[in-house]
Structure formats: structure tokens, C-alpha cells
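Report on one structure; see the data block that follows.
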Amino acid sequence: MALILAATPLGNPGDASPRLRAAIESATLIAAEDSRRFHRLCADIGTTFSAKVLSFFEGNEDERTRELLEQLQNGATVLIVSDAGMPTISDPGFRLMRAAIELGIEVSVIPGPSAVTMAVTLSGLPTDRFTFEGFPPRAGGARASAFEKLRHEERTMVFFEAPHRLGDCLVDAIAVFGADRRGAICREMTKRYEQTIRAPLAELSLWADNNEVLGEITLVISGAKTDSATMTAEEMVARVREFESAGMDRKAAIASVAQEFGIAKRLVYAAVVDANKMSL
């Protein structure tokens, strides 16, 4: 009885590890994000298997998780693979992994290719600290709000994005992070048409507008400058006034400014009180 999560190649079959091959051959049940792509992978890496293969994707994750847990408790060795990279990283598997751990089932991970770490390395941006943000929201307003929360993030940021949404995503990124913020578009990594474009966001947006964007896209954006969230008292008060002018009451405006810039509410409140005293 064991649950195994295994990384699969991003595109180049040569990146398959001997441990992945062994796990495929020895598993009694295999849950694959796309069973057809899994069969093609096995053919590409010259591996055969006798296990039953089940589809395991976002649409059936809840149902499959219950089914797989039952199989695990009955003694099965279950292998989880996604289409590319590591399961649970913007792919199914997290709920199953968590439940298996809670039930005391043996779990293990076979490391391997990762679009996140490969893109950070290819980008030429700082790699000592970075954050993975997954797919930005699809709707423009929600995406802009998500970026706004990252305005002062000092770590390098990594996103996955669909090719047909890349242009709109970059427009929102420029609006929040600025046209000069450095970034990189990593496309089709390890595949035949692999390409990395490194430039300020404005140039990346221009590239996306003037090229047919195809394939798997990973977007890397540099972090904000250190202490970019630091505000003067005057700036705090001015921002509070903006929120008040938009119809927000003072208490809510102070809380919003504190949250937006990661500042203690008492500091914003004190700045507003001092400003009011000076105006008397």
C-alpha cells in the first residue's frame, strides 16, 4: 500500500528518470491526467506496464480521490502522473496526497522536470527567492486584483498562462508592475520549438501582440525593489483621502491602505490624525 507522485517530462522524453520507469512498471494502479498522453509517454520512453490506468483530472478529482483512497486502503500501489511536470503543481493530486497522509498511508515523490524551476533559471532573473502563483484569474478584473496584491512582492514571480490570454495578462501586469519591470516568457520548454524572450514587460507585451503565441507558456516577472512598499506619512494620508473620495468611510479607508502596503493600521491612523491636527 503506497501512493507515489512522479514528475514526468515537460516535453523531451529523454528527461524521464529510471525511477519513473520503474514506478510505471511496478504500480498496480496508475492515475493519469490524460490517459492517452500517458500511453504516448510510455511508448516514447520504451516502458511497458500492467496496471489499470484511470483518468485523473480537475473535472473528476473529487470522485477519483475517494476511489483511489479506497484502492490504497485495500493495498494498491497507486502512481499519480500529470501531463507534464509534478502532480499537485497546478494539477490534480493535492487532495489525494493530503488525505493519504492523514490516513497514515505511505507516500513518496519521484522528483524530476519542473516548469517552475526551469523557467526561473531560464529567465535570468534572481533565483535566490521566488514565488509560484499558478494561473492568474481568467477574468480581467480578477486578474488585475490578483496582481495588485503582488505589487510590492520582492521575490521573483512565476505564473502559468494560456497562450490566448498572454497578451491580456501582460497588459494587466504592466498596469500594476510598470512597463519597465523585467520579465521573461518561457515557451515550449524542452520541446522542439523552445523559446525564451527576456525583456521589460512593455517589450514582452509587444512581442505577444505581434506573434502567434502557441504552446505551453510560463511567465516570469521580477520582484519589486526592496522597500518599495515604504510610504511617507503624506502618501498614507493622500491614499486614505482617495478611498474616502470614492465613498469609503475613514475606518475602512485606513484598513485598506494598511492592507495594500503591508503597513500596521495604527501607523496609517496616526498619520491621518497628525494631518488633521495640522489642518486645524
If I model segment 2-113 as equal point scatterers sitting on the Cα atoms and use the Debye formula, what is log10 I(q)/I(0) at q = 0.10, 0.12, 0.17 Å⁻¹? -0.24, -0.34, -0.71
Counting Lys +1, Arg +1, Asp -1, Glu -1, what net charge surrounds Ala76 among other residues with beta carbon under 11 Å of its beta carbon? -1
Can you pull out the chymotrypsin sites (Phe, Trp or Tyr not before Pro) in segment 192-280 whose DSSP state is coil and whose Cβ has at most 11 other Cβ atoms within 10 Å? Tyr193
Which one of Thr218, Thr226, Thr127 has the biggest mean-square fluctuation once the chain is modelled by GNM with Cα springs under 10 Å? Thr226
With springs only between Cα atoms under 10 Å, which of Leu267, Leu68, Leu204 fluctuates most in a Gaussian network model of the chain? Leu267
Reachable lysines, given that their alpha-carbon falls under 25 Å from the alpha-carbon of Lys251 and they are not under 8 places away in the same chain: Lys149, Lys265, Lys277
Note on the chain: contact order normalised by length, alpha-carbon pairs under 8 Å, 6 or more apart, percent, works out to 17
Quick P(r) readout (segment 57-102; Cα-Cα; 5 Å bins; whole %) gives 5, 22, 33, 26, 11, 2
Which three semi-axes in whole Å describe the equivalent ellipsoid of the chain, each the square root of 5 times a Cα gyration tensor eigenvalue, listed largest first? 44, 24, 15
Excluding exposed DSSP-loop trypsin sites (Lys or Arg not before Pro) (at most 10 other C-beta within 10 Å), longest clean stretch of the chain: 1-128
Beyond 17 Å, how much of the Cα-Cα pair distribution for segment 39-163 remains, as a whole percent? 69
Taking only the Cα positions of segment 116-221, the convex hull volume per residue in Å³ is 83
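Since every read-out is calculated from the coordinates, none of them should be taken as a lab result. Every value quoted in this text rests on a predicted model; they were computed, and no experiment measured them. All Cβ positions, glycine included, derive from the backbone under ideal geometry; neighbour counts span all protein chains shown.
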